[in-house]
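Accompanying notes for the structure given below.
The values are calculated or read from the model by the stated rules, or taken from the named source; none is laboratory data. This one's a predicted model, so the numbers in the text were calculated from it and none came from an experiment. Cβ sites come from the backbone with ideal geometry, for glycine too, and all protein chains shown count toward neighbours. Calculation scope for accessible area: heavy atoms of the full protein, side chains included, ligands and nucleic acids excluded. Shrake-Rupley method; radii C 1.70, N 1.55, O 1.52, S 1.80 Å.
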Amino acid sequence: MVVDDHPLVRESMVSRLTAMGAREVIEAASCAEARARARSVGPCDVCIVDVGLPDGSGLDLIAELRAAGWPRLVVLSAADDPYSVRAAFVAGAQGYLLKSASPVVVTDGVRRVLDGGVYADPAVASLLAAGLRNNASNEGIGDLSSREIEVLRLVADGRSNKEIGDQLGLSALTVKSHLARIARKLGTGDRAEMVALAMRAGIIR
């Protein structure tokens, strides 16, 4: 589903999703319309939502869709300030894309989220990282071991602790211990924030 009050933006995004292989794309121009359509069709693979809708906040809509079982939610916005970026991930989005981004960046971001990962447009990843609760610095990134960086890259790909362990030959408990150490070094245990901080430092993409 694509939720945006600008017809040209919706048309462009629907075309991109169709080109990526989407069989059906539902469109909505407001929160009310999106809620009605979401109720009628149930959770779909992904919903791409504008933040500023004529009858409410796209972030409130994202939180509602998350609670209703929608698995993947992406913000498509003109806003590139740290408050908007941070708020989108707090609301439950797994992706934040800018309307000014190139079609390639938008497509890559949507594909990453569809694959189970977390994605922030490169232009805003640093803003998300800058808003970390404990003001983690790049020194924390520098303290990460090579194994911890491997774990963090798989976190960015949306893998569960068990999946990370299976790929690296570790138990889920060992993966949990690695994540706890990463959290101490970066000053946050939030997976999206970990990924954003690592993106800013350039250790993952």
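Looking only at segment 23-56, filter to residues that are surrounded by 16 or more Cβ atoms within 10 Å (Cβ to Cβ) and small (Gly, Ala, Ser); which one of those is farthest from Val105 (Cα to Cα)?
Filtering segment 23-56 for residues that are surrounded by 16 or more Cβ atoms within 10 Å (Cβ to Cβ) and small (Gly, Ala, Ser), the one farthest from Val105 (Cα to Cα) comes out as Ala38.
Conditions tested, residue by residue: (1) modelled with pLDDT of 85 or more; (2) of a type outside the set (A, V, I, L, M, F, W, C); (3) farther than 22 Å from Val104 by Cα.
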position	(1), (2), (3)
Gly131	no, yes, yes
Val151	yes, no, yes
Lys162	yes, yes, yes
Ala172	yes, no, yes
His178	yes, yes, yes
Thr188	no, yes, yes
Leu197	no, no, yes
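Scanning for something over 18 Å from Ala120 (Cβ atoms), buried (at least 18 other Cβ atoms within 10 Å of the Cβ) and out of contact with any His (no Cβ under 7 Å at 6 or more places or on another chain), does segment 197-204 turn up at least one residue?
No, that holds for no residue.
Select from segment 91-111 the residues that are in contact (Cβ under 8 Å) with a residue 24 or more places away in the chain and either among the hydrophobic types (A, V, I, L, M, F, W, C) or open to solvent by 50 Å² or more (accessible area, probe 1.4 Å) (or both) and list them in ascending order.
Ala91, Ala93, Leu97, Leu98, Lys99, Pro103, Val106, Val110, Arg111
Only residues that are open to solvent by less than 30 Å² (accessible area, probe 1.4 Å) and within 21 Å of Arg111 (Cβ to Cβ): list them for segment 59-74, please.
Hits for segment 59-74 are Ile62, Leu65, Trp70, Leu73, Val74.
Being touching a residue at least 24 places away in the same chain (Cβ under 8 Å), touching an Asp or Glu at 6+ places or on another chain (Cβ under 7 Å) and not in a loop (DSSP other than H, G, I, E, B): is that true of Ala123 here?
yes
If a residue must be open to solvent by 50 Å² or more (accessible area, probe 1.4 Å) and touching a residue at least 12 places away in the same chain (Cβ under 8 Å), how many such residues does segment 167-186 contain?
Adding up the residues that qualify gives 4.
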